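What follows is one structure encoded as structure tokens, with my remarks underneath.
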Amino acid sequence: MAAEFALSVVAPDREVVSTSAVSIVAPGVDGYFGVLAGHVAIVSALKPGVLEYIDGANQRHYVYVGGGFVQVGDGNVTVLADEARNAAELDVSEAEKSIEEARRALRGEESGMTQTEALVEIDRATARAKAARMK
């Protein structure tokens with residue numbers, strides 16, 4: 001049996017995940033990276049993407065994170081996300097609508113977003129769509 005560690009994914013509005021895991025793969029700003037039990041202590045910035053974790057029963061789970069930070073150490077992994085949702089809570093069509101709205105803003109069409117906000121929203125909505133497809 002693989003060694004486990006405590007995993008917590010927290011968004012500003014709620015705790016999204018609180019469980020034990022045997023591994024995670026997280027979307028770091030320099031690329032995806034993995035963590036197993038006993039990993040060296042680190043703090044890393046996250047970009048919008050899909051966090052994958054495997055629980056003690058060897059089941060894969062997917063969580064959308066909209067950026068933030070991860071702290072690894074002392075048998076714990078804590079993700080402080082700008083926004084986060086379990087893949088099962090996400091809707092592909094909703095994410096695709098957000099992508100199209102952001103694209104309209106980038107084309108200079110009528111939109112409630114600035115171009116900078118649109119660039120961020122495209123990254124986040126693309127990650128939400130990817131997570132939703134991984135249910």
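The values are calculated or read from the model by the stated rules, or taken from the named source; none is laboratory data. On a predicted model such as this, the values are computed, not experimentally measured, just so you know. Because the Cβ atoms are built from the backbone with ideal geometry, glycine has one as well, and the counts that use them run over all protein chains shown.
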Tally the residues that are surrounded by 15 or more Cβ atoms within 10 Å (Cβ to Cβ) and over 9 Å from the mean Cα position of the chain (by Cα), restricting the search to the stretch 46-64. 4
Looking at the stretch 12-28, can you tell me whether even one residue there is closer than 25 Å to Val120 by Cβ, buried (at least 16 other Cβ atoms within 10 Å of the Cβ) and either among the hydroxyl-bearing types (Ser, Thr, Tyr) or assigned by TED's automatic domain parsing to the domain that holds Val120 (or both)? no
In the stretch 65-112, which residue that is outside any loop (DSSP other than H, G, I, E, B) and of a type in the set (Asp, Glu) is nearest to the chain's Cα centre (by Cα)? Glu89
Filter result for the condition that a residue is modelled with pLDDT under 95, of a type outside the set (Gly, Ala, Ser) and either farther than 15 Å from Val10 by Cα or in the same structural domain as Gly31 (by TED's automatic domain parsing) (or both), over Lys47, Lys130, Lys135: Lys135
Which of the residues belonging to the stretch 105-132 are in contact with an Asp or Glu (Cβ under 7 Å, 6 or more places away or on another chain) and not aliphatic (A, V, I, L, M)? Ser111
Consider Gly75 carefully, then state whether it is touching a Gly at 6+ places or on another chain (Cβ under 9 Å) and at pLDDT below 95. yes
Of a type in the set (Val, Ile, Thr) and either within 19 Å of Arg133 (Cα to Cα) or in contact with a Lys or Arg (Cβ under 8 Å, 6 or more places away or on another chain) (or both): which single residue out of Val92, Val22 fits that description? Val92
